[in-house]
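Structure record follows, encoded as structure tokens.
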Amino acid sequence: MEKVSAACAMDWSIKLEKALRSKNPVRAVEVILETGEKLEQWSKEPESAIAVYSLFGLVPEEDRLFYNTILLRLVDAFCFADKLVKVAVVRVFMSMFKLSQGKNKSECATWFLPKARVYNHLEILKRVKNVYDKGDTELKALALILFGCWRDFASEFAPVRYLIFTSMASSHDLEVRSSLFAAACFCEVADDFALVVLGMLNDMVKFPEIMPKTRLAAVRVFAKMGCSHAIANRAFKICMKLMLESSKEDNLVPFLVSLTKLASRSTHLTSELAEVIMPFLGEDKTSHVRAAALRCLHFLIKRGMCFSLVHESETAIFSSFLNQAELSPDMQLNALQIFQKILVYKLCVADASELHKLIAIVENASHSQIFSSCFLAISILVDIWKQVVRAAKIRSVEVSSTSLPLQLVVLIMDRVTLLGKLCCDPFQADYALVGEVKDLFNVLHKVVGQHSEMRLLVLDKVRLFVEYIVNLTNVLRKTDGAHELLLGVISYKGQRGTVVRSEILASIHKFLLMFLKNLEGDGFLSSQVYEKVKHITECVRSCSFFDCHTQMIFTLLLHAPILWGSAVNERGTDNDANRNSAVSLVADICNYGIVSLECSNKILMEKNYWPAYRAGVYAARLGAWVTSALIFDQLKTNVQSDINCFWLKSLSYLSHAEGKFQLLLMPSDNFKLVSWLKSSDYLPELTKDASKEFAHSVALHEAYMNLQSSLGMLGNSIASREVFCFQTWFLVLKIRVLETVIDLVERLGLLNQDICNKKQVEEKMLVGCDSLQQLPQISVQLQKLAKEFDMLATCFIDIDDDSCSIIATLSLSCSVLAFAAGIVLFLPGFSFHEALVPFTSQSGVCSRLVQDLVRRLWEVDPEICEKLNILVKTNESLTCFHLQPKNQVLRACGKVKRLLSICRDALSCIDGLQNRSNSMHDEEIVSEITQSCRNLLSHAIMKWMQIPFGIPKYFFNIRPCVGAELFALSSDSSKIISVEQGFQLSLDLCLQLKNIQQPRIPIRLTKLYCLLYSKLAYHTPTQHGENNRNQKSYSPWRDENLVEMSSKLFHHAVKSGKEPEVSGRLEWNKIGVCAVVQFKPNERGQGFSSCLLDVSRFPVGSYQIKWLSCCIDQHGSYWNLLPLNGKPVFTVNKAS
């Protein structure tokens, strides 16, 4: 358990005292600054609760005592040490004061030197005042700065107020500026003080002999007069009057800044300032003043004051600034940002005619030169257009006639081409340019997402850019006749240029991948898209300057699921043209599969193992499993460490398992690929009997065995268990799904096309009639697996969106198969003999199956959800949509559409059986149901096997997972957690997040909860409460209660309108007792709390407490946190 600042305060105080007593002032300064950093960290932590004192063995209020001791020692150092130490002390308090800027009064009171926490504030003020009285000008200035930093309690001390007023009238500029700083701080918290300062400032600014720096400091004080509206209004009027009376233009800028900060607190003042500030934008003013006026207006806009600038004239003024060449780029950018905010506000209230006028203004503004030279300007223009499209969609206004989208594409690609030219020049190649290229492609993706009709045009532009890069590269390589010195420089610069060009191509590749995924979402796909991507790939392959890895990843683009998956489906359509085109496309894709195999073989022959591994990972993510199997099969013999060897062997077995399904999908078209593998003597296990049509049942069994081997490889290394948690869990779920499907196939004798003996078929049919009784149990098992996939996606807080999407699709597939396997449940008059644990009735299973499907599909296909809801009497499935985790929302894609076709087949089957059951006898009904179920499930499993689900990108992240550790003690602070029989157990808890302090996790936690759960079955012979707590790994896939605990915790964490119980008895039943505890996390992800667990009915003995924690991030997404240490054990003693 990591120590909090409160537990370290005594050590900090002792260390500071030793440093101050030493005769080395440099050492004293170092420790003072170090103490300041620790105080800043302490100020960000929540107030110490009783649980903190108990867990760290502190006396209550001990931390505050040492906090005040540290402050007093710092003040003593300021009073008696040399000047170097005095400056260090002031720096510490100044840095703490800056942390309070922008916080309201209530927030500052909890963590920044509030009067309530500084017990000896009067003594501190008196000591520093004594330094002021006896010191020179510099010491007085330092003391005044300290008074300003201590405004919360110093502003009420009359002698300090008098000192500030006196210093403002001093003849020393340094003392006057320091007093102005202190006065500004006091004005933010004291109205009566601010009134006096206002009068003095009025005279001070008008004083002709005052130094410019001092006048500037005095004008800045006006901006701090915001303690009350009355004071702010009065300060605004005085400052405005002084500005208008000022004869020097240089004085206008500080006045404008102060007026802007005052006006940002009031809508009335903002409108008044806008009328005054607009004339400063005229061409008769200097560029310095115009730039300042624009910055001030931009500040107001950022504060949400754009409604004061929404008149037609203002909109035209700011758009006209974009075409004024004499303005600097920074000024034009500020004008563009103001224009954006005003336009967004006007779009909210504009009707159709006004909307067209605004679009015309935007089109006119888009011709500004700033867009050809500034990425930020282009990004803002794209955001403006997105807002316009959204507003037009709401008002049903057609905007397709505008040329702005085309203009945006041209702007972006022109800028990309210019940067590409610079990056290809070895003398100008720079990684900053590559970053801008990446950002531009991201913006281009936004434009394409809004306008599907422009996709082919965008692909043409990208192809031209790639050809441009290739041509430039070839030109640079032609150095015939060049001077030797030039050749040497080119060679020296060439390495960096190579890396830069590779990064540019990686950006293009990433854009194309996102482009294809976006196509998959809305179903827009044609052979033209494939041909254009193919041309880009051929262009990259034609340049020998690019390495094999680059050529390979572009070739694998043609193996993207959206391309070959749709083509495979269209081969079975009735349209001859589509079918012929799809057949040709599939054959071409298989040919490129051989090209990718050749590239991978070349990389391996060159012993470029790291690029080969990356290519294998990428091939696996795209579903090119044969290619990844070849790479991983070769790499596993070329690694040194055991853990790497086991990992590569696991990936090899996984690729073999998925490769079975890939070859099964296109057996005839993959003939050339299989022949290439056989001729090269690669992957003999995968190509065995591949010349024949693969049997689906055989492929299922072989895939199952390979997945078992893949899982076994991960379990061979003890060290790997800490970093392969996700991988192991994912493989376990995949194996369980295959195991359940195989069980379903064997019980009902499905996939009969694989059985040659007709007698066997008939026997399977007879067995299938009796096996209908087991279908509901299989259905329940599949639905449980769907929940476990959901659980997997919520247990890794750093998982990426694409991985979440894949897992959500896998979860949906289990839910769809569960519904298909459970169709007999929806037939009237058909009862079952076995109990369907945990359900109490047949209708309960039906409701759960429908509810689970509707919850997943409501955003994807509402029509099919309405049909599903008809099957159940209660509309139960509509009650919990608002409680669905945001990171489990499905993305509409080809895989989801194919799963929906299975669902529609099941609905049609149910409807047909329900209609025919009324006119048939019992024996005929059973036979009809058996035959229909077998046909439905056979086709469903075959469709399911042909869906390229893919592998999550997160599967290849090999690092310790983010989780939590729970530390618990009895509230009586004893080391053993115990309670007398008949009493409730009082616990002090610390929940500590682990592996969260990593750059890859840009997440801010807003809520943190923990569920504690115990029951009589958790009885343990252990007699000591904290034994066996330091487990090295946790296996969530073995915890049968995990899904149930997560569901209970989720509903408490996001319960609308109610706070979950922080402590106390939650429930007692036959299952056990549980309590939900809420924590307030600090920046390190550590929280403290207390709770009562009602174990009053437990008999004497020792029991484990199972626990699970969760958090909600800044986006509102729910995440489980896996337990990374063991279960606390408590002992129930006999009552004395």
**Asked** Which residue, of Lys213, Lys261, is surrounded by fewer than 14 Cβ atoms within 10 Å (Cβ to Cβ) and among the basic types (Lys, Arg)?
**Response** Lys213
**Prompt:** Any idea which of Asp743, Asp790, Asp798, Asp802 is out of contact with any strand residue (DSSP E or B) (no Cβ under 8 Å at 6 or more places or on another chain), surrounded by 21 or more Cβ atoms within 10 Å (Cβ to Cβ) and modelled with pLDDT of 75 or more?
**Reply:** Asp790
**Prompt:** Of the residues that make up region 50-62, is at least one touching a residue at least 12 places away in the same chain (Cβ under 8 Å) and closer than 30 Å to Phe186 by Cα?
**Reply:** no
**Asked** In region 675-686, which residue that is part of a helix (DSSP H, G or I) and either crowded, with 23+ Cβ neighbours inside 10 Å or at pLDDT below 80 (or both) is nearest to the chain's Cα centre (by Cα)?
**Response** Leu686
**Request:** Take the residues in region 434-452 that are under 13 Å from Ser502 (Cα atoms) and among the aliphatic types (A, V, I, L, M), then tell me which one is modelled with the highest pLDDT.
**Result:** Val437
**Asked** Take the residues of region 1049-1083 that are farther than 19 Å from Trp1119 by Cβ, modelled with pLDDT under 50 and buried (at least 17 other Cβ atoms within 10 Å of the Cβ): which is farthest from the chain's Cα centre (by Cα)?
**Response** Leu1066
**Message:** Scan region 1026-1044 and tell me whether some residue there is at pLDDT below 85, farther than 19 Å from Phe796 by Cα and surrounded by 14 or more Cβ atoms within 10 Å (Cβ to Cβ).
**Reply:** yes
**Message:** Can you tell me how many residues within region 1087-1116 are out of contact with any Asp or Glu (no Cβ under 6 Å at 6 or more places or on another chain) and in a strand (DSSP E or B)?
**Reply:** 18
**Message:** Leu336 - would you say it is farther than 22 Å from Met204 by Cβ, surrounded by 21 or more Cβ atoms within 10 Å (Cβ to Cβ) and assigned by TED's automatic domain parsing to the domain that holds Trp385?
**Reply:** yes
**Prompt:** Within region 147-170, is there a residue that is closer than 25 Å to Lys248 by Cα and in a helix (DSSP H, G or I)?
**Reply:** yes
**Prompt:** Across region 120-138, what is the number of residues that are surrounded by fewer than 17 Cβ atoms within 10 Å (Cβ to Cβ) and touching a Lys or Arg at 6+ places or on another chain (Cβ under 8 Å)?
**Reply:** 1
**Asked** Can you find even one residue in region 13-31 that is under 21 Å from Arg1084 (Cα atoms) and surrounded by fewer than 16 Cβ atoms within 10 Å (Cβ to Cβ)?
**Response** no
**Asked** Of the numbered conditions (1) more than 33 Å from the chain's Cα centre (by Cα); (2) assigned to a helix (DSSP H, G or I); (3) among the aliphatic types (A, V, I, L, M), Leu651 satisfies every one except a single condition; which is it?
**Response** (1)
**Prompt:** Looking at this structure, is Ile941 among the hydrophobic types (A, V, I, L, M, F, W, C), more than 22 Å from Pro1123 (Cβ to Cβ), in a helix (DSSP H, G or I) and assigned by TED's automatic domain parsing to the domain that holds Cys903?
**Reply:** yes
**Request:** For Phe511, indicate whether it is under 27 Å from Leu597 (Cα atoms) and modelled with pLDDT of 90 or more.
**Result:** yes
**Request:** Go through region 947-994 and count every residue that is buried (at least 17 other Cβ atoms within 10 Å of the Cβ) and under 30 Å from Leu622 (Cα atoms).
**Result:** 14
**Request:** May I ask you to verify whether Arg415 is of a type in the set (Lys, Arg), out of contact with any strand residue (DSSP E or B) (no Cβ under 9 Å at 6 or more places or on another chain) and either in the same structural domain as Ser372 (by TED's automatic domain parsing) or at pLDDT below 80 (or both)?
**Result:** no
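The values are calculated or read from the model by the stated rules, or taken from the named source; none is laboratory data. Bear in mind that the values here come from a model prediction, so they are computed numbers and not experimental data. All Cβ positions, glycine included, derive from the backbone under ideal geometry; neighbour counts span all protein chains shown.
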